[in-house]
Amino acid sequence: MDEVQHDIFLKKVELHHEEMKTIKEKQLEILKPYLYSLRNSQETGEQAVAIQKMKELEGRKLTSTYNHLNVLKSILKEEQLPLFDSFLKHRLEAMSKIDRNRRPHNKK
């Protein structure tokens, strides 16, 4: 990437990270009361609403990530486009590692 592309790239990454952070904060606002409802041991309609809101936020994250990657692809020059596949593969691997770190470790 040239300097202009790199600057655009960094700005777009920063904006995407901020959007993801905002969505995750909203998810946490929903998650806390949802889990604290365990104290009452009763299912309520509020739980169904919380689940629907979480689904919507996950959808926003997915759409945002897709759009973000599409914007990054759009700043590439024609000769750089073949490199996008390896970039995408690298990003997906990094995202998979994050997900693996969230899982409980297997006991030996």
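A few remarks follow.
- Residue within segment 38-60 that is free of Cβ contacts under 8 Å to residues at least 40 places away in the same chain, of a type outside the set (D, E, K, R) and within 29 Å of Gln5 (Cα to Cα) present: yes
- Flag if Lys61 is open to solvent by 50 Å² or more (accessible area, probe 1.4 Å) and among the basic types (Lys, Arg): no
- Residues of segment 12-47 satisfying the condition of being outside any helix (DSSP H, G or I) and surrounded by fewer than 10 Cβ atoms within 10 Å (Cβ to Cβ): Ser41, Gln42, Glu43
The values are calculated or read from the model by the stated rules, or taken from the named source; none is laboratory data. No experiment lies behind these values; they were computed from the predicted model shown. Neighbour counts run over all protein chains shown; Cβ positions are idealised from the backbone, glycine included. Surface accessibility is based on the protein's heavy atoms, side chains included, excluding ligands, DNA and RNA. Shrake-Rupley method; radii C 1.70, N 1.55, O 1.52, S 1.80 Å.
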